[in-house]
Amino acid sequence: RALWRHYYENTSAILYVIDSTDKERFPDAKQLLDCMIIADNQLDGVPVLVMANKQDLPQAMPLEQIALELRNSLGGRRWCIQGTSATARRGLFEGLDWLAA
């Protein structure tokens, strides 16, 4: 993580994947996102796609709750929270289509 900043130059988008079933580690994921996009001005204005994985499981956090928790971190930039299920291949292409638009 300490080396992430070396990859920021010329970044055109951030794709951030979270495990939407892991409520205990969600604050850690949010803090990492904060450190990455708020603490470094090289990423100002860079769009963020958050892929909330495991949305097919009953214990998954609702997308609305994830959006509420992350909205201050995402700020005035273009952002999207896409529900996904990597094993079922749902939501992945929709998220990438949003980035490409």
The lone condition ASN10 fails out of (1) part of a strand (DSSP E or B); (2) open to solvent by 30 Å² or more (accessible area, probe 1.4 Å) is (1)
For region 8-61, the count of residues that are under 15 Å from SER85 (Cα atoms), hydroxyl-bearing (Ser, Thr, Tyr) and without any contact (Cβ under 8 Å) to a residue 60 or more places away in the chain equals 2
Check: Is it the case that some residue within region 16-25 is out of contact with any strand residue (DSSP E or B) (no Cβ under 8 Å at 6 or more places or on another chain), farther than 23 Å from ALA88 by Cα, open to solvent by 50 Å² or more (accessible area, probe 1.4 Å) and of a type outside the set (A, V, I, L, M, F, W, C)?
Finding: yes
Scanning region 63-101 residue by residue, those in a loop (DSSP other than H, G, I, E, B) and within 20 Å of THR21 (Cβ to Cβ) turn out to be THR84, ALA86, THR87, ALA88, ARG89, GLY91
The condition of being modelled with pLDDT of 95 or more, small (Gly, Ala, Ser) and in a loop (DSSP other than H, G, I, E, B) holds, among ALA2, ALA60, only for ALA60
Does GLY76 count as open to solvent by 30 Å² or more (accessible area, probe 1.4 Å), of a type outside the set (Phe, Trp, Tyr) and on the phi > 0 side of the Ramachandran plot?
no
Q | Test result for LEU70, at pLDDT below 95, open to solvent by less than 60 Å² (accessible area, probe 1.4 Å) and within 16 Å of GLU24 (Cα to Cα) | A | yes
For region 26-55, the count of residues that are farther than 18 Å from ALA67 by Cβ, assigned to a loop (DSSP other than H, G, I, E, B) and open to solvent by 50 Å² or more (accessible area, probe 1.4 Å) equals 3
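The values are calculated or read from the model by the stated rules, or taken from the named source; none is laboratory data. This structure is a prediction, so every number in the text was calculated from the model and none was measured. So basically every Cβ, Gly included, is an ideal-geometry build from the backbone, and we count neighbours across all protein chains shown. Ligands, DNA and RNA are excluded from the accessible area calculation, which covers all protein heavy atoms including side chains. Shrake-Rupley method; radii C 1.70, N 1.55, O 1.52, S 1.80 Å.
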